[in-house]
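The block underneath contains the structure these notes are about, expressed in C-alpha cells.
Any read-out appearing in this document is the output of simple, stated calculations on the displayed coordinates, not a laboratory observation. Please read all numbers here as calculations on a predicted model, not as lab measurements. When we count neighbours, we look across all protein chains shown, and the Cβ atoms used for this are built from the backbone with ideal geometry, even at glycine.
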Amino acid sequence: MATLTSARRLVVKIGSALLVDRATGALRADWLASLAQDVARIRARGTDVILVSSGSIALGRGVLGLGAGELPLEQSQAAAAVGQIQLARAYQDVLDPLGIVTAQVLVTLDDSTDRRRYLNSRATMETLLGLGVVPIVNENDTIATDEIRYGDNDRLAAQVAVTVGADQLVLLSDVDGLYTANPQTDPSAQHLAIVPHITPDIMAMAGDAVSGLSKGGMKTKVMAARVATEAGCALCITLGSPHNPLAGLEKDVRATWFTAQTTPQAARKRWIAAMKPRGSFIVDAGADAALHDGKSLLPAGVANITGTFDRGDPVAIVSTAGAPLGLGLTNYNSHEAAQIKGQRSAQAAEILGYKGRAALIHRDDMVLQDRSH
C-alpha cells in the first residue's frame, strides 16, 4: 500500500470548504499555516510538492460582497479575478517564512486536451520543481466558460498529477474516505481503507457533495482516482479540516487509498507508443548511441527529416539505415526542425530568430524500441 512518506512527487488538492470559512467568507489562515508546515516538512525529505487549490471564487465573492448562492458566470469570473490575487498572496504569506518560493499556475481544460499546450504546461512545472518552487495550481476561472471548465478541482488535480508524473495524489476533503454507502444516511455503511481496483461496484458506492462551497462529490473523487491510478499515481481521500492534515495522514488517520495500476513512467511511455507518427527524424550513429544511453535527441544528431508536423506531434526516430529506433513528441514543427537539423542547440536561436527548447525531443517525451530481441 502507498504511504505518504514514500512519495517521490506529491500533488495535494485543497477544496474551497477547507480554505474559506463558510459562515464568514474569510480565509482559514491558521489552518493554511498548518498545511504550510506539512508542506515544508515533506519537501525537506526530498519530495516534490504541487498544490492544486480551489478558493479564488470563494475568497473573491467575499471581497466583492456577492453573498451566498450560485453566481452567474460573469460574476464568478469577476470573483475569481479578485480572489486569485488573495489566494496567491495567502499561500505566499504562509510558505515564504518557511523558505519556500511559490508560483501561481492557472490552467484551463484546453491545456490538457491540446498536446502542444500540455507539453508547455509540463515543461513549465518541471522547471519550477527543478528550481525548488511549490506550484499553486488552479483553474483559470477568470476566462473559463461552461464549455471548457474542468468543473471541479478533483478532476483538475488528477490531470495535474498525470501531467507532472506524480506518484501520489491526496484529496483533502470534507469526508475521510470512501464508504460502501452514504454514512450520513446509512448506519451500516463500511469504510474502505484500500481500493485495489475501481470496479462498477466501487463507482456505484460514490455519493454527492454535501458542502455548500465545493463542487466535487464522492463520484468526482472516484472518477479522479480512475484517471490517476491508470497513469501510475496512487490517490488518497482523507479528511482535510483538522490542522496539519498531511501529518495526520502520515500517522495513519482514517483514509481511503486507491492503488496505482502501473508507474507514471510506464503509463507515459505507453501513451506515447500508441500514437501514430506524423513524420520522422533520421538520426546518425552518434545520436542513436546517445538516445540508448538515456539522452535527449538534439538537432546536431539529425541527418534528415520527413513529413509535415507541428510542435507536440508524435515523430518517429529512424536510423540512417532505415531501422526504427523509437517515437517521441517533437518540440519543433517540421519547418523549424529542417532549419536547425545538424546544428548545435546553441545555434538554433540564431537560425530561428527566437530561443526554443534545447532538444528536438526530450528524453521524457520519448519511447525507444526494445533492443533485447
Hey, fewest Cβ within 10 Å first, where do 128, 35, 329 land in order? 128, 329, 35
With +1 at each Lys and Arg Cβ and -1 at each Asp and Glu Cβ, the charge dipole magnitude of the chain around its Cα centre, to the nearest 20 debye, comes out at 780 debye
Which of the aspartates and glutamates could a cross-linker span from residue 341 if the Cα-Cα distance has to be under 13 Å and same-chain partners fewer than 8 positions apart are dropped? 284
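For the stretch 242-373, rounded, prolate or oblate, judged on the Cα gyration tensor with a ≥ b ≥ c (square roots of eigenvalues), a/c < 1.5 rounded, else prolate if a/b > b/c?
Working: a/c = 2.78, a/b = 1.93, b/c = 1.44.
Verdict is prolate for the stretch 242-373.
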Please list, or write none, the lysines whose alpha carbon is within less than 17 Å of the alpha carbon of residue 221, excluding same-chain residues fewer than 8 places away. 13
How high is the relative contact order of the stretch 275-368, in percent, with contacts defined as C-alpha pairs under 8 Å that are six or more residues apart? 33 percent
From the Cα centre of the stretch 1-65 to that of the stretch 291-349, the distance in Å is 41 Å
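Evaluate Rg over Rh across the stretch 1-146, taking Cα atoms for both radii and Kirkwood's formula for Rh.
Details: Rg = 15.8 Å, Rh = 16.1 Å.
Rg divided by Rh gives 0.98.
Count the net charge of all other residues whose Cβ sits under 15 Å from the Cβ of residue 268, scoring Lys and Arg as +1 and Asp and Glu as -1.
Values: positive: 8, 9, 115, 122, 269, 270, 363; negative: 126, 167, 230, 364, 365.
Here the count lands on +2.
So if I place +1 on the C-beta of Lys and Arg and -1 on the C-beta of Asp and Glu, and nothing else carries charge, what would the dipole magnitude of the stretch 275-368 be about its Cα centre? I want it in debye, nearest 20. Mind dumping the intermediate values first?
Working: 9 positive and 9 negative charges, 22 e Å.
So the dipole magnitude of the stretch 275-368 works out to roughly 100 debye.
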Check: the stretch 1-87 dipole with +1 on Lys, Arg Cβ and -1 on Asp, Glu Cβ, in debye: 420 debye
Considering only the stretch 4-264, what is the antiparallel percent among its DSSP beta bridges, to the nearest 5? 20 percent
Give the calculated FRET efficiency between residue 30 and residue 304 to the nearest 0.05, with a Förster radius of 51 Å applied to their Cβ-Cβ distance. 0.25
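Specify whether the C-alpha gyration tensor of the stretch 1-79 places it in the rounded, prolate or oblate class, a ≥ b ≥ c being the square roots of the eigenvalues: rounded for a/c under 1.5, otherwise prolate if a/b is larger than b/c and oblate if not.
Working: a/c = 3.25, a/b = 2.34, b/c = 1.39.
Verdict is prolate for the stretch 1-79.
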Most exposed first, judged by fewest Cβ atoms within 10 angstrom, 112, 319 run 319, 112
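Based on the Cβ-Cβ distance of residue 63 and residue 96, what FRET efficiency does E = 1/(1 + (r/R0)^6) give at R0 = 25 Å, to the nearest 0.05?
Values: r = 22 Å, r/R0 = 0.87.
Between residue 63 and residue 96 the formula returns 0.70.
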If the cut-off is 12 Å between C-alpha atoms, which aspartates and glutamates fall inside it for residue 251, apart from same-chain ones fewer than 8 positions away? none
